[in-house]
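Where a number appears in this text, it was derived from the coordinates with a stated rule and is not lab data. None of these values were measured; they are calculated from a predicted model. With ideal geometry, Cβ positions are generated from the backbone for all residues, glycine too; neighbour counts draw on all protein chains shown.
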Amino acid sequence: MRIAGPPDGFGVVEAVAADANDNIYVLDRFAQQVFVFDSSGAYSHAIGRKGEGPGELWRASGVSIGPDNRVWVPDPATARVTVFEPDGSFVTALARRGQGYPFTGAWDRAVGPAGHYTDWRLWFPNRRRGGLPAETQLFPVLVRADAEDGDSSSEGGPSSERSDSFPPLDYVAEMVQIGGRPTYRNFYAGVLLSALEDGRSIWFGHSREYRIYKRSLEGDTLMAVSLDEAPAPVSEADVDAVRQQLANSRDVDDRVSGLPESKPILQALFADGAGTLYVVPETEAVQRGSVVDAFGPKGEYLGRATLPEPVKTELLGSMPGYATTRYLLLAGIGDDLAPYVARFGIRR
């Protein structure tokens, strides 16, 4: 099934999710609304509106569905998580510590079975944000906020905070926006990928290495999965496509000359909440958005499935998606450059 969007179409698909009734929720970056579709793909209604007041979204980064089908939307720009009923009525807004995009994750399974919302931010130890050297290390710091309405500390932040002991990752300037000021991400740069499993554990890895770790929120390593795959090279056609996109840029030559020789091997991670991890790779052998790898609850490799039709994305864009035990939701760009969301059924 393919969802083309509400009556006026999608602007940019930022995140997707689904509830227990197979309703589909799509966060649109431009509209700053969550568009809701029923299990057949028919448009139902919109949640939220653009703004900074109660029940409004300014720069929302994700959407997560709780066990009661409430809709949770993190908004780094306003430093809060807004909660809605499935029909779109406003419930509450929970304050967060930290504001701005360097301090946030866009989770699709952030609300665990106990009704706790898990968020994360990036921490640069002993370093001033901005102008960071290449050897700076990147640490995810997890923040857990209780889901009770209005439950926040007197300081205006989540009611509890804990630091994780994830192994440090080598920092590169392309991985995050620094200091909240506008920056561009280089084409084909490596990024930190992550996926919450069930509100109690997290998969994460660097997109340039096919090795993915599963950790508890307390910092224990649960398992690691990997495949021996060669990355896809950045071809002359890729270089020409980048140059075309940067045609009006003043630093087009510098940015083109700085392109890496190969592309990131991991494009997206999705967990279905029941122990299965799905990975969208791009390698010498497979194109981006054409196959999905699956790993089981014990880390066993279940195999590689070819999608019935490839899901294409923009050159700079990520691949928003969501997994359940019965289907995958993947966001792509059509030949007419119109965004859409595709649903693929899973046969085991």
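Being over 25 Å from ARG304 (Cα atoms) and surrounded by 15 or more Cβ atoms within 10 Å (Cβ to Cβ) is the requirement here; does ARG243 meet it?
yes
Looking only at strands (runs of 3 or more DSSP E) that lie completely in the stretch 28-89, which have at least 3 residues being under 16 Å from the mean Cα position of the chain (by Cα)?
The strands (runs of 3 or more DSSP E) meeting that bar are 71-75.
List the residue pairs whose Cβ atoms are under 9 Å apart, where the first residue sits in the stretch 328-342 and is in a loop (DSSP other than H, G, I, E, B), the second is surrounded by fewer than 22 Cβ atoms within 10 Å (Cβ to Cβ) and hydrophobic (A, V, I, L, M, F, W, C), and the two are 6 or more positions apart or on different chains.
GLY334/ALA4; ALA338/ALA4
Pull up the stretch 20-62, narrow it to residues that are among the aromatic types (Phe, Trp, Tyr) and closer than 18 Å to SER89 by Cα, then point me to the one that is surrounded by the fewest Cβ atoms within 10 Å (Cβ to Cβ).
TRP58
With respect to ALA17, determine if the residue is part of a strand (DSSP E or B), surrounded by 14 or more Cβ atoms within 10 Å (Cβ to Cβ), in contact (Cβ under 8 Å) with a residue 60 or more places away in the chain and not polar (S, T, N, Q).
Answer is yes for this residue.
Just give me the residues in the stretch 246-282 being touching a residue at least 12 places away in the same chain (Cβ under 8 Å), among the hydroxyl-bearing types (Ser, Thr, Tyr) and surrounded by fewer than 17 Cβ atoms within 10 Å (Cβ to Cβ), in sequence order.
Hit for the stretch 246-282 is SER262, nothing else.
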